[in-house]
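Novice: The structure is given below, and queries will be raised subsequently.
FYI, it's all coordinate maths here, none of it is from the lab. These numbers come from a predicted model, not from an experiment. Ideal geometry is used to build each Cβ from the backbone, glycine not excepted, and the neighbour counts take in all protein chains shown.
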Amino acid sequence: MKRKIYSLLTFLLTLAISVFSLVACDKEGSAKAEILSKTDTMVVIKVTEAKGLYPTLLCAMNYLKDQGELTFEISGGMISSIEGKENPLDYSSCWMLYTSDKETSNTEWGAIEYDGKTYDSAILGAESLPVSVGEYYILAYITF
């Protein structure tokens, strides 16, 4: 029963956030960020400013893109490429999203270690994931 309630709440949260994410970043929210670390398989982002009704990770990533600090592509709601490193067609590897924000992460979906700390898998994609100032967002290229 507890699992059904959790699943229903997760679904409703995802639905609500998806509806809000249809609005452009500059109209409903904006976010500034800095890159703390960048390799060919990991990008660590720290949000430094979040304004408006609904700032998302995509807003922060677009800010970094506009600053010339990050290149990426999104396809079908999924990050398909960062700095030219693409997900293969068979998805044997892909870019995964992890965060320090306990309200938007799930330990059961996986975790990653960075700088001596554990970051849990984000419950939403970059287009829908709300960001908070001071939180870390890690994009890691994972092979399955």
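Novice: How many percent of all Cα-Cα pairs in segment 14-144 sit more than 26 Å apart? List each step's numbers first, then the result.
Specialist: Numbers: 1152 of 8515 pairs.
The proportion of pairs with Cα distances above 26 Å equals 14 percent.
Novice: Follow-up. Taking K and R as +1 and D and E as -1, what net charge do the other residues with C-beta under 12 Å from the C-beta of residue 84 add up to? It would help to have the intermediate numbers written out before the result.
Specialist: On the way: positive: 85; negative: 40, 73, 83, 86.
Every neighbour counted, the sum reads -3.
Novice: Given the pairs 65/85; 85/117; 46/85; 65/102, which are separated by over 19 angstrom at their Cα positions?
Specialist: The pairs that break the limit, which is 19 Å between Cα atoms, are 85/117; 46/85; 65/102.
Novice: Can I ask one more? Can you list the HN-Hα couplings for segment 106-118, worked out from phi with the Karplus curve (6.51, -1.76, 1.60; θ = phi - 60°), rounded to whole Hz and with x for Gly and Pro?
Specialist: Once rounded to whole Hz, the list reads 9, 5, 6, 8, x, 8, 9, 9, 8, 6, x, 10, 9.
Novice: Name the long-range amide H neighbours of residue 42: under 5 Å, sequence gap of 5 or more, or other chain; modelled H, no Pro or chain starts.
Specialist: It is 141, by chain and number.
Novice: Taking amide H positions as placed 1.01 Å from N in the peptide plane, with prolines and chain starts having none, which residues 5 or more places from residue 129, or on another chain, fall under 5 Å of its amide H?
Specialist: Placed amide hydrogens put 57, 58 under 5 Å from residue 129.
Novice: Another question, then. What's the magnitude of the charge dipole for segment 30-116 around its Cα centre, counting Lys and Arg as +1 and Asp and Glu as -1 at the beta-carbon? Answer in Debye, nearest 20.
Specialist: 260 debye
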